[in-house]
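Here's the structure, in structure tokens; my notes come after.
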Amino acid sequence: MDMSQYLEIFIDETKEHLQGLNQALLSLEQNSQDKSVLNEIFRVAHTLKGMSGTMGFTKMAKLTHVMENVLHSLRNNEIKMNSDLIDLLFKCLDALENYTESIVNTSGEGQNDNSDIIQMLNSALEKNTESDDNKKSESLNKKHDKKETSKYATANFKLNQFEQNAANKAIEMDMNVFKITVILNKSCVLKSARSFIIFQTLERHGEIIKSEPRVEDIEDEKFEFEFTVVCITRQEADIFTREINQIAEVEKVIIENFEDIVEFQETKMEDSSLSGEAVIASVEDLQKENEDNQDQIQKQKTKTGKTVRVDIDRLDVLMNLVSELIIIKTRLEGLGDIDTSQTYNEAIEYLERITTNLHDAVMKVRMVPVELVFNRFPRMIRDVAKEIGKEIQLTMTGTETELDRTVIDEIGDPLIHLIRNSADHGIESKDKRIQLGKPNVGHIHLRAYQDGNNVVIEVEDDGQGINIEKVKKKAIERGVVKKDLINTLSQKDIIDFLFKPSFSTSDKITDLSGRGVGLDVVKTKIEQLGGMVEVETEALKGSKFIIRLPLTLAIIQALLVVIGDEKYAIPLSSTKEIIKITPDQIKLVQKQEVFLLRNTVVPIVRLNEILGVSVDDKDKKQLTVVIVRKGEKISGFLVDSLIGQREIVIKSLGKLLSGIKFMAGATILGDGNVALILDVNSLAV
């Protein structure tokens, strides 16, 4: 069977299971006596073993099989949980993630068999006199044991005359007849689909002549969590034991040799004996019947629920089509002067409602919770805390907050830098915290919440805060600012030095920090996403990094302005207000044009000079200024005139123009012309 068609499903499900395993291991580390968490880890390992075995990824299946043995011994209190064993299970998780990453990139699990990890797992089992796998093999291969099967209702049945004769004749022909009872996990949802896989496995090595309950009932899920079959085969029992146990959600398998159960009655065989050919023919008839029923089971399996997996590229195509629809709608609005009839206007208004609703619907499909990014950080904090010898607890809130998928994919690296920065720079050592009267355990809070058309993500710690004096000293040493001007700067201006390239307050370079690339990367990436970073800090109390991100990067509200003969768009999320000033209100302070707005000094940005557009504003008695925000700062963009607010579609400038400064993209206007979208963060002073 070609399994490549299932590869994408396997990868998606494996990633989900590994994420669950990561969270469960973190919980187990906090409370090693929690049996429910241990059972969850065992279930995930068992499922991964079955999935990887089915797909032919033998190295992955072998590792999870040995993991399963260790977890089984832990569940039965045959070995005790300790920190070394937790670390070993985390190594298993890392190895499984590496296998998965290799499968994603190459469709193969790679050459690393992780024999060192498997050896350590086997060593952990040495305290146990007999491994779980050996116990299982012994119980499955032993002869008929009435005590073993008496508690399972499906195992207590009698063969009819035809089935009895077929079994007897098969034994006479030196074939094996096994009575196989399969018990599924109580958490199994699609029992019929799981049973189909088990039937398929059995029929690869033999022929089924009896099923209890009937195949039709199994197909319709009219059974509990167990069923029993009688199978004729030339294989040994251990093959069935091994392969069925590799199938996910199988809790137990009991195999009995039917030779000890069937009572040979020679006289009856003479009356109604079957030849060897008849046995095979009868078995083939049964096989055909099973195949027909399995087709029905397969149909049942392929039924989908209320959710489907959709490739992000398909959503991008859908978003582009919606974008084109909005552009056409804007163009039709511009044609209103040609035909101003009521019918035309009503049609345009209806089209606008439809496109807005369609846009909202597509955006909701693209929105995913930030939990997808946040879930990687508890493990990271655990490893970082161990590495630097600190006790740190990470608290996450607002994980259900949703962001556009394109934004989610990009914010991981900035958050990693901020959280590692809080752990390394912010949180003090245990001894120092005791001296300061703080709790031994440092706390890092990761929050997310929606604020209007933005999503805010905060990284806050209760550490020592930013050492302003140390930042000043480093800034002077690096020549970022002159010594005589350093005391004239505000605290925020000084903190902004931390976001300069290659600026670091660390005295030595470590694996975590000291190279001055962390906060520089954060600022660059967030501003590329149309967001901004703010910092709040208090000495000995802690620091808070606040990231503001747009909900979406595809379609935004913008203010269209005219500069010279050119039209430009300014994102409305960055626009604070629009005012009129006279030329004599503009003053020059340290070679920077400014004006006073409600007792606040606002720097002027003459866009025509920066963008190279010629304008004639010498005779103007009033100037139009668009006040924009860049974090907590404000600047005034000088424009010639305003067109108004528009819903615009952001288009990329392409690879050849991607390096152009001050531009965040372009948009197509209603008249078909192109307007460039200004990058407020790079233009504002």
May I ask you to sort HIS65, HIS443 by Cβ crowding, counting other Cβ atoms within 10 Å and putting the fewest first?
HIS443, HIS65
Pairs to check: LYS500/LYS591; LYS179/LYS252; LYS386/LYS472; LYS472/LYS633. Give those whose C-alpha atoms are more than 25 Å from each other in this structure.
LYS386/LYS472
Net dipole in debye of the stretch 4-129 [+1 Lys, Arg Cβ; -1 Asp, Glu Cβ; about Cα centre; nearest 20]
400
Using a ≥ b ≥ c from the Cα gyration tensor of the stretch 370-550 (square roots of the eigenvalues), is it rounded, prolate or oblate, where a/c under 1.5 gives rounded and otherwise the larger of a/b and b/c decides, a/b for prolate?
oblate
Among VAL407, LEU540, LEU446 the positive-end extreme of the charge dipole of the stretch 370-550 (Cβ point charges)
LEU540
Gap separating the Cα centres of the stretch 645-685 and the stretch 157-231, nearest whole Å:
66
Ranked from fewest to most other Cβ atoms within 10 Å of their own Cβ, LYS661, LYS179, LYS523, LYS62 fall in the order LYS661, LYS62, LYS523, LYS179
Report the antiparallel proportion of the DSSP beta bridges in the stretch 370-550 as a percent, rounded to a multiple of 5.
80
Using the count of nearby Cβ atoms within 10 Å as a rough guide to exposure, how do THR64, THR330, THR397 rank from fewest to most?
THR397, THR330, THR64
Extension gain from ARG234 to TYR344, taking 0.36 nm per residue of separation minus the Cα-Cα distance:
31.6 nm
Fraction of beta bridges assigned by DSSP in the stretch 544-685 that are antiparallel (%, nearest 5):
90
Options ALA24, ILE103, ASN82, ranked by Cα towards positive dipole end of the stretch 4-129, top entry (Cβ charges)
ASN82
At R0 = 51 Å, FRET efficiency that the Cβ-Cβ distance of ASP451 and PHE162 yields, to 0.05:
0.10
Just to confirm my numbers, what's the Cα centroid distance between the stretch 363-391 and the stretch 553-625 in Å?
41
How far, in nm, would the chain grow between PHE662 and ASP174 when pulled straight, counting 0.36 nm per residue and subtracting the alpha carbon separation?
167.4 nm
Report the charge-dipole magnitude of the stretch 312-368 in Debye, nearest 20, computed about the Cα centre from +1 at each Lys and Arg Cβ and -1 at each Asp and Glu Cβ.
300
Would you please classify the overall shape of the stretch 635-675 from the alpha carbon gyration tensor, given that a ≥ b ≥ c denote the square roots of the eigenvalues, rounded means a/c under 1.5, and beyond that prolate means a/b larger than b/c while oblate covers the rest?
oblate
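No lab work stands behind these numbers, since they all come straight from the coordinates. In this text, all values refer to a predicted model and were calculated from it rather than measured experimentally. All Cβ positions, even for glycine, are placed from backbone atoms using ideal geometry, and neighbour counts span all protein chains on display.
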